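Here the structure comes first, spelled out in structure tokens, and everything after it is commentary.
The values are calculated or read from the model by the stated rules, or taken from the named source; none is laboratory data. Everything quoted here is computed from the prediction, not taken from an experiment. Backbone-built Cβ (ideal geometry, glycine too); neighbour counts: all protein chains shown. SASA here: full protein model, heavy atoms, side chains in, ligands and nucleic acids out. Shrake-Rupley method; radii C 1.70, N 1.55, O 1.52, S 1.80 Å.
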Amino acid sequence: MLTTADISWAEYALWAPAPIERDGKYYLYFAANDIQDDAQLGGIGVAVADRPSGPYEDAIGRPLVSQFHNGAQPIDQDVFIDDDGQAYMYYGGWGHANVVKLNPDMTSLGTFADGSTFREITPADYVEGPQMFKRDGTYYLMWSEGGWTGPDYSVSYAMSDSPTGPFRKIDKVLAQDPAVAKGSGHNSVVNVPGTDIWYIVYHRRPLSESDGNHRQLAYDRMHFNADGTIRRIRMQVKDNFADGNALGWRTYGGTWSAAGGRYRAGISRGGKALLDTDFADFTQDADITVSSGSGDAGLAFRVTRPGTGTDRYTGYYAGISPRGEVVLGRVNDSWTPLGSAPVPVAPGSTHRLRVTAVGSGIEVYVDDMAVPKISVTDSAHPSGANGLRVFGTAASFDNVTVSPAG
């Protein structure tokens, strides 16, 4: 942990940590004080520790970069060590990006061959949040553009054969999805050592959240084309509850808890747990274990106006029951059956339940994902939130996913 109490010159706004290891030491670069001009104290600092978890202490007792150079506010630093051992720091806000060399001590700045210290590398549409990584000899610079509190916040990238550029924008790879989240940006990249498996880690804001400071951490798999370009990333909605929490879920009635890698619900008459999504056409999956009771448990979808009560919402619900059936119904503060089918469901057994909804067509699958158990046409509710529901039974849920249909 590193706080303003650990940094004598930092008064507030300690953020955007960038950690890196070198020669058995762990360096944590950070921005502090959000300075607006060169007269203010603040900028980019560096702390050091013997372990990645700290404790960290200020390495130099002052900012490493304390002024504006080439118009770049000294924030949003990212540190990269090339294969030849040369370390670089990329940083900058206010629409300008710089790269500097770090000396081997990692706490002082070096110079380029022309004697300069700060080299501007600003690509088109750059706003803030640079991120550098290298793959197959190619340097990738990623950055955030748009407004970080707005729905246009997004990530673009450039490729180069040099760590200092030039960097020409190729494409936008991550943007908001009106069905999933807003404000996706300020990313980092993780490579699984020894593989070509890459992940992008970023923050995004729930659809119904109006406070720009309220964001969630997310990650998605990043794929490359044969020419090295990055495929556009579609934000995913997945939860296997392995982290032992249910962040992002909002409950309406019933008792819900995340434990043992599952999301568990006690017996209630219509308890719901919903994600902040707004899908129209989608496929939703979950592994469901009905543990006790004679009711049913399953998937709620295209939900609006949720409340606490048996049928206090508008939308649809598909559930499995130890009575030996799967049911589908439409809800508008009351229950309208749309279909049912026999399926073997024993208490304590786990079953895969899937709903695919495209336009007015709704299909429900249980275990066999090739042939739907129920297939109906109903256009009453076109879009809404996705979630889980129990009715007269206790159940647990795992491996919940929601993705655009197709």
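Highest mean first, what order results for 260-272, 328-340 on Cβ atoms within 10 Å?
260-272, 328-340
Using the eigenvalues of the Cα gyration tensor, what equivalent ellipsoid semi-axes result for region 209-266 when each is taken as the square root of five times the eigenvalue, whole Å, largest first?
Each semi-axis is the square root of five times an eigenvalue, giving 31, 17, 9 Å.
Report the local net charge at ALA300: Lys and Arg +1, Asp and Glu -1, summed over other residues whose C-beta lies under 9 Å from its C-beta.
+3
Straight-line reach only, C-alpha to C-alpha below 15 angstrom: list the aspartates and glutamates that LYS373 could link to, leaving out same-chain residues fewer than 8 apart.
Excluding near neighbours in sequence, the set is ASP285, GLU325, GLU363.
Can you tell me the mean projection area, over all orientations, of the convex hull of region 1-42's alpha carbons? Units nm², please. Intermediate results must be reported in sequence, preceding the final value.
Details: hull surface 14.3 nm².
Quarter of the Cα hull surface area: 3.6 nm².
How high is the relative contact order of the chain, in percent, with contacts defined as C-alpha pairs under 8 Å that are six or more residues apart?
Relative contact order, the chain: 10 percent.
Please give me the summed charge of the neighbours of ALA72: other residues whose Cβ is under 10 Å from its Cβ, Lys and Arg +1, Asp and Glu -1. List each step's numbers first, then the result.
On the way: positive: none; negative: ASP76, GLU120, GLU128.
Net of charged neighbours comes to -3.
Heavy atoms only, 1.4 Å probe, whole protein assembly: order ASP278, ASP285 by accessible area, highest first. Don't skip to the answer; put the middle values down first.
Working: ASP278 70, ASP285 5 Å².
These residues rank, largest area first, as ASP278, ASP285.
Can you pull the percent of region 291-403's accessible area that's carbon plus sulfur, 1.4 Å probe, other chains left in place?
On region 291-403, the fraction of accessible area on carbon and sulfur atoms equals 51 percent.
Over all alpha-carbon pairs in region 161-255, figure out the percentage whose distance exceeds 19 Å.
Looking at region 161-255, the distances longer than 19 Å represent 54 percent of pairs.
Too long at a 28 Å Cα-Cα cut-off: which of LYS182/LYS272; LYS25/LYS182; LYS25/LYS169; LYS172/LYS238; LYS101/LYS169?
Those over the limit are LYS25/LYS182; LYS25/LYS169.
Taking the alpha-carbon distance from LYS134 and a cut-off under 16 Å, which aspartates and glutamates remain once sequence neighbours fewer than 8 residues away in the same chain are dropped?
Straight-line reach from LYS134, under 16 Å: ASP78, ASP82, ASP83, ASP84, ASP161, ASP196, ASP227.
How big is region 85-168 along each principal axis, measuring the range of its Cα positions in Å and listing the largest first?
40, 28, 21
For GLY319, what charge total do you get from the other residues with a beta carbon under 11 Å from its beta carbon, if Lys and Arg give +1 and Asp and Glu give -1?
Neighbourhood net charge equals 0.
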